[in-house]
Amino acid sequence: MKILILGGYGVFGGRLVRLLADLPMLELLIGGRNLAAAQAFCASYVGQSTLRPLQVDRQQLAAALQAERPDLVVDASGPFQDYGEHRYAAIEACIAAGIDYLDFADAADFVFGVSQYDAQARAAGIYVLSGVSSFPVLTAAVLREMASHMDIVSVEGGIAPSPYAGIGLNVMRAVVGYAGSPVKLRRNGRDGHGIGLAESRRFTVAVPGRLPLRNLHFSLVDVPDL
Ligand SMILES: NC(=O)c1ccc[n+]([C@@H]2O[C@H](COP(=O)([O-])OP(=O)(O)OC[C@H]3O[C@@H](n4cnc5c(N)ncnc54)[C@H](OP(=O)(O)O)[C@@H]3O)[C@@H](O)[C@H]2O)c1
């Protein structure tokens, strides 16, 4: 199986590459605009998959898809809040080429808009999956599991990344990009908005039977779950 990872040498794309490292049947194309950075990532890789650097911009994906014919494209580049006018260029290129697509999008507007491609994706016989990461996919899976044995009346979400996890430039670009601007959310059953990064609260994550984490400061960010 051949997988093109856009942002394959970034923090999250690189993490995906390392998680797949025990699969010798994979050929992973490490994509991004900086060939030297992709080459350096491939040179430092330890694992069983076959890696190859590929210089590619997600806005001009069609030629790379023609030349490489991957089975799957993963967009791990971002920041998804700033994809601009042709924000679904990669999705459209994948549908045209008949290649499965998924992304790590965290931007609510981006993720909600992807459903407009449902019919085209089905007609092309491919998958187009958006937000396949911590949120909204993992949070939705947890809620679905909890809903099987309890009535859920309200949900408050917060993401507390490990202090040992690296934070990529594009995560920072995303958050700084909407700080001080309206962020869509639903509160008390009503759609509205809060102000990105300006609203904050303190919370202690305390898993039953474990020592609680130290009290954390949470600020409002743009995620599809809200
Ligand atoms: N939904 C979730 O739960 C979730 C979780 C984690 C991350 N994310 C999102 O994933 C994205 C990546 O985060 P990160 O921490 O990995 O950022 P990062 O370390 O800055 O990596 C971004 C990567 O994308 C590449 N890239 C940027 N623009 C590109 C373009 N036009 N075409 C091709 N490649 C491009 C970059 O290389 P070049 O600049 O050299 O091209 C780099 O390799 C962010 O938007 C983040 O919000 C979502």
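For LYS2, the residues whose amide H sits under 5 Å from its own are GLU27, ASP71, LEU72, ignoring neighbours fewer than 5 places away on the same chain, with H placed 1.01 Å from N. Summed over the residues of the chain and divided among them, the accessible surface reaches 61 Å² per residue at a probe radius of 1.4 Å.
Could you tell me the distance between the Cα centroids of the stretch 54-77 and the stretch 117-179, to the nearest Å? Between the Cα centre of the stretch 54-77 and that of the stretch 117-179, the gap is 23 Å.
Scanning residues 5 or more positions from ALA105 or on other chains, those with amide H under 5 Å from its amide H are GLY131, VAL132, with H placed 1.01 Å from N in the peptide plane. Quick one: pull the percentage of alpha-carbon pairs in the chain with a separation above 30 Å. Summing the P(r) of the chain above 30 Å gives 31 percent of all pairs.
The 3J(HN,Hα) values that the Karplus relation (6.51, -1.76, 1.60; θ = phi - 60°) gives for the stretch 33-48 are, in residue order, 7, 9, 4, 4, 5, 5, 5, 5, 5, 5, 5, 8, 6, 10, x, 9 Hz. Gly and Pro appear as x. For the stretch 85-226, build the charge dipole from Cβ charges (+1 Lys, Arg; -1 Asp, Glu) around the Cα centre, then report which of THR204, THR139, VAL171 sits farthest towards its positive end. Farthest along the dipole direction, towards plus: THR204. Just to be sure I understand the curve: with the Debye formula and one point per C-alpha of the stretch 154-226, what is log10 I(q)/I(0) at q = 0.11, 0.27 Å⁻¹? Debye curve over Cα of the stretch 154-226, log10 I(q)/I(0) at q = 0.11, 0.27 Å⁻¹: -0.33, -1.34. Note on the stretch 2-129: Cα-only Rg and Dmax are 14.0, 41 Å. Applying 1/(1 + (r/R0)^6) with R0 = 41 Å to the Cβ-Cβ distance of ALA147 and LYS2 gives a FRET efficiency near 0.65.
Over the stretch 118-219, what relative contact order in percent results from Cα pairs under 8 Å that are six or more residues apart? Mind dumping the intermediate values first?
On the way: 68 pairs, mean separation 14.7, N = 102.
Normalised by residue count, the contact order of the stretch 118-219 is 14 percent.
Taking amide H as placed 1.01 Å from N in the peptide plane, ILE159 has no amide H partner under 5 Å among residues 5 or more places away or on another chain.
For the stretch 125-136, putting each phi into the Karplus relation 6.51 cos²θ - 1.76 cosθ + 1.60 with θ = phi - 60° gives couplings of x, 10, 9, 10, 10, 10, x, 7, 7, 3, 10, x Hz, in residue order, rounded to whole numbers and with x for Gly and Pro.
What percentage of the solvent-accessible surface of the chain, computed with a 1.4 Å probe over protein heavy atoms, is contributed by carbon and sulfur atoms?
Details: 7750 of 13780 Å².
Carbon with sulfur: 56 percent of the solvent-accessible area.
Couplings 3J(HN,Hα) for the stretch 21-31, derived from phi with the Karplus relation 6.51 cos²θ - 1.76 cosθ + 1.60 (θ = phi - 60°), are 5, 9, 10, x, 7, 9, 10, 10, 8, 8, x Hz, where x marks Gly and Pro. Computed with every protein chain present, the accessible area of VAL114 is close to 10 Å² [probe 1.4 Å]. Within the listed set SER134, SER77, SER154, the Gaussian network model of the chain (springs between alpha-carbon atoms below 10 Å) gives the highest mean-square fluctuation for SER154.
The values are calculated or read from the model by the stated rules, or taken from the named source; none is laboratory data. The structure presented is a predicted model; accordingly, all values stated were derived computationally and were not measured. So basically every Cβ, Gly included, is an ideal-geometry build from the backbone, and we count neighbours across all protein chains shown. Accessible surface areas use protein heavy atoms only, side chains included; no ligands, DNA or RNA. Shrake-Rupley method; radii C 1.70, N 1.55, O 1.52, S 1.80 Å.
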